[in-house]
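Visitor: Sharing a structure, written as structure tokens. Questions coming.
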Amino acid sequence: MKYSFHSLDELFQAVRDLMAALEAKGHAAAAAELREGFSCLNGLTDGWAMFLDSIERVRRDKSLRLDREDKKALDRIRGDVWKIVYRR
């Protein structure tokens, strides 16, 4: 299985960077949604699934206002989180 990020540390840093970028660009609701999901990570699949749900909500509800770079970062994160949840 091929992941976009080389380690969980790299993935986590990308999430933190995206949340900071969204906050800085005035997308507080999107950043808060990601932060809430990110805080659910507990090492178990259910925590990852809750984080994936948050990512999906941002993609569905908030992504129209995000710039191309932020959408690309969100999709890259989503891809790896989806693979973690579904082990594919």
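Please treat every number below as a calculation from the coordinates, not as lab data. Because the structure is a prediction, the values reported are computed rather than measured. Reconstructed Cβ throughout: ideal geometry from the backbone, glycine too, with neighbour counts over all protein chains shown.
Visitor: Separation between the residue 59 and residue 23 pseudo-spin-labels, each 7 Å from Cα along Cα→Cβ, expressed in nm?
Guide: Those two pseudo-labels are separated by 2.5 nm.
Visitor: If you consider only alpha-carbon coordinates, what radius of gyration and Dmax does region 28-86 have, in Å?
Guide: Cα only, region 28-86: 10.9, 32 Å (Rg, Dmax).
Visitor: Another question, then. Quick one: dipole size for the chain, taken about the Cα centre, charges +1 on Lys/Arg Cβ and -1 on Asp/Glu Cβ, in debye to the nearest 20.
Guide: 360
Visitor: Using Cα pairs closer than 8 Å and at least 6 residues apart in sequence, work out the relative contact order for the chain, in percent. Spell out each step's value before the answer.
Guide: Values: 78 pairs, mean separation 29.9, N = 88.
Result for the chain is 34 percent.
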